[in-house]
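Asks: A single structure is presented below for examination.
Here, each number is a calculation from the coordinates, and none is a lab measurement. No experiment lies behind these values; they were computed from the predicted model shown. Positions of Cβ are backbone-derived with ideal geometry, glycine not excepted, and every protein chain shown enters the neighbour counts.
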Amino acid sequence: MPDYAQSSDKPELRVLLARPRGFCAGVVRAIEVVEGALRHGPGPVYVRHEIVHNRHVVEALEAKGAVFVEQVADIPDGAVAIFSAHGVAKSVTAEAAGRGLETFDATCPLVSKVHREAQNHHRAGRQVLLIGHRGHPEVIGTMGQVPDGAVTLVEDCAQAESVAVPDPDKLAYTTQTTLSVGDTAAIVAILTRRFPSIRGPNKADICYATTNRQAAVQALAPEVDALIVVGAANSSNSKRLVEVARAAGCAKAFLVADAGEIDWPALDGVATLGLTAGASAPEVLVQGLLSALSLRFRTHVEEVSVREEDVHFSIPKALMG
């Protein structure tokens, strides 16, 4: 842990640093895919959508030469195209193939698992209920794995209570990987009560990293006066951490992109502060926030470890080395 300069005239602040926090294996893999493609050369490397939802990560890759666009149509002929960690609809990959673009898929393997589940259920004749947030790239990508109408989105408990299905005996559900574990369990409970024959995944769709980071926040929340989550405003897993903290008893829970967004007046009177980071937020941002805190407080940093992670996903062989 960094040894921050201390001063006796500053108030004391105990900082409980959550572990695990920050990058998950899927994010690490996605960044490595872009970096590998940049080494691979010789053509320019274009990434459709933010590779992960964090501007600091995107800007770092832009500095290395990657170009970010929102549509395949924005990628010039002869360039390398990379699909983001959130996954894309089949129509996107088909468009790239039709253009003859060299492509690399940075989709998180755990998102790809959800894609396969949706495809398998559709082939088996089941309507799929997808638990997730409308408009999120991962949800768009999952729904785009099967024909229009084969997937019905369920966003909350109210929709779970009211959703109509063509045949309750031919029904399955999948979920976005970055949801609140507790909220999703409540939705699933309603669906299984209403549709006893509904099929779920053999292993939960919410990814290990989302689950672990939420568990760490749940452990910290009752022990702190406030909690800061480092992450982007468009990061689903980061926003869920704030919600989990509040639900676990920490009313003062905030999402900040970096140290520049700290609401200092909100920390007045705070003696113990929790600190974590979403799965797409780099550790350098956490350390930057600790540095900023040390300028105003005599900080005493303790790392609170809830679970250890040793997951690693390999990148395509063509990009290795």
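Asks: Please work out the ratio of the alpha-carbon Rg of the chain to 2.2 N^0.38 Å and round it to two decimals.
Replies: Ratio of Rg to 2.2 N^0.38 Å for the chain: 1.07.
Asks: Related question: About its Cα centre, what dipole magnitude does the chain give when the only charges are +1 on Lys and Arg Cβ and -1 on Asp and Glu Cβ, stated in debye to the nearest 20?
Replies: Details: 30 positive and 37 negative charges, 162 e Å.
Once rounded to the nearest 20, the dipole reads 780 debye.
Asks: Which of H312, H300 comes first, and how do the rest follow, when ranked by fewest Cβ neighbours within 10 Å? Each step should come with its number before you reach the end.
Replies: Details: H312 8, H300 13.
Ascending number of Cβ neighbours within 10 Å: H312, H300.
Asks: How would you rank T192, T107, T152, going from fewest to most other Cβ atoms within 10 Å of each one's own Cβ?
Replies: Details: T192 14, T107 21, T152 17.
Fewest-to-most ranking of T192, T107, T152: T192, T152, T107.
Asks: So if R0 is 56 Å, what FRET efficiency would S314 and W264 give, r being the distance between their Cβ atoms, rounded to the nearest 0.05?
Replies: On the way: r = 43 Å, r/R0 = 0.77.
Efficiency, from the Cβ-Cβ distance: 0.85.
Asks: So what's the gap between the Cα centers of the stretch 75-142 and the stretch 173-195, to the nearest angstrom?
Replies: Spelled out, the Cα-based centre of one part sits 22 Å from the other.
Asks: Let me ask you something else. Based on other C-beta atoms within 10 Å, arrange D9, D205, D263 from fewest to most. Kindly include the intermediate steps, with their values, before the conclusion.
Replies: Working: D9 5, D205 24, D263 12.
By the 10 Å Cβ count, ascending, the order reads D9, D263, D205.
Asks: Let me ask something additional. At a 10 angstrom cut-off on C-beta neighbours, averaged per residue, how do the peptides 75-86, 38-49 rank from highest to lowest?
Replies: Details: 75-86: 20.9, 38-49: 17.2.
By packing density, highest mean first, the sequence is 75-86, 38-49.
Asks: If you don't mind, another one. List the pair-distance distribution P(r) of the stretch 162-318, using every Cα-Cα distance, as the percent of pairs falling in each 10 Å bin from 0 up to the bin containing the longest distance, rounded to whole percents.
Replies: Percent of pairs per bin, in order: 10, 34, 28, 17, 9, 2, 0.
Asks: Can I ask one more? Here are some pairs, K64/K203; K170/K239; K90/K317; K170/K203; K10/K252; K10/K64; which of them have Cα atoms lying more than 29 Å apart in this structure? Don't skip to the answer; put the middle values down first.
Replies: Values: K64/K203 38 Å; K170/K239 33 Å; K90/K317 23 Å; K170/K203 20 Å; K10/K252 22 Å; K10/K64 40 Å.
Over 29 Å apart, Cα to Cα: K64/K203; K170/K239; K10/K64.
Asks: Shifting gears a bit: Quick check: pseudo-label points 7 Å beyond the Cα along Cα→Cβ at A150 and S291, how many nm apart are they?
Replies: Computed distance between label sites A150 and S291 equals 5.0 nm.
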